[in-house]
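Report on the following structure.
Readers should treat all values here as calculations from the given coordinates under stated rules, not as data from a laboratory. These numbers come from a predicted model, not from an experiment. All Cβ positions, even for glycine, are placed from backbone atoms using ideal geometry, and neighbour counts span all protein chains on display.
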Amino acid sequence: MGNTTARLMLPLIEPGQAQKELAHNEALVLLDMAVHALVEAIGLDTPPAAPAEGQAWITGAMPGGAWTGHALALAGWTEGGWRFVAAREGLAVWDRASATAARFVGGSWRRAGVIAAPAGGTTVDAEARATLAALLVELQAQGLVAG
């Protein structure tokens, strides 16, 4: 076993480790940022000048400054400075700026699309439209599409 978890790279406490609370607290800070993640925006390459503790962003493909080396990562500001969680397939966040969910799929962040209920057309199929409307409600409830 390594010294970090496999998925979120959370620090593990080693047998006989001095100052175990440091590893434990670091893991809690990263969990707080990654579980039910809320980001201010997606795709920034420059860290904000005055972040508030607890705020997070998704870094861009070419981040600079304090974010250098952390492309497409979840970057959170903490009392101890910037903390990063590397993007993993399926990682999901809520993007406050667009009020939509985003998911890391195939090496990039994808925002949920906006899908409108069907309207118009020459043939109206009420059962198909009702099914599509119910599907849209469910996808919106799951944060997979915007309303």
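Output the 0 to 90 degree angle, nearest 10, between the alpha-carbon long axis of helix 126-141 and the longest principal axis computed from the alpha carbons of the chain. Here the helix axis deviates by roughly 20 degrees. Only helices enter this figure: runs of n ≥ 4 DSSP H residues, each worth -39500 (n - 2.57), summed and divided by the residues of the chain, yield -7000 deg cm²/dmol at 222 nm to the nearest 500.
Find me the longest stretch of the chain that has none of the exposed GluC sites (Glu not before Pro), where exposed means in a DSSP loop (not H, G, I, E or B) with at most 15 other Cβ atoms within 10 Å. List each step's numbers first, then the result.
Values: sites that count: 53, 79, 89.
It runs 90-147.
Starting from the Cα coordinates of the chain, work out the convex hull volume and express it per residue in Å³. Don't skip to the end; give the middle numbers.
Numbers: hull volume 21.7 nm³, N = 147.
Looking at the chain, the number lands at 148 Å³ per residue.
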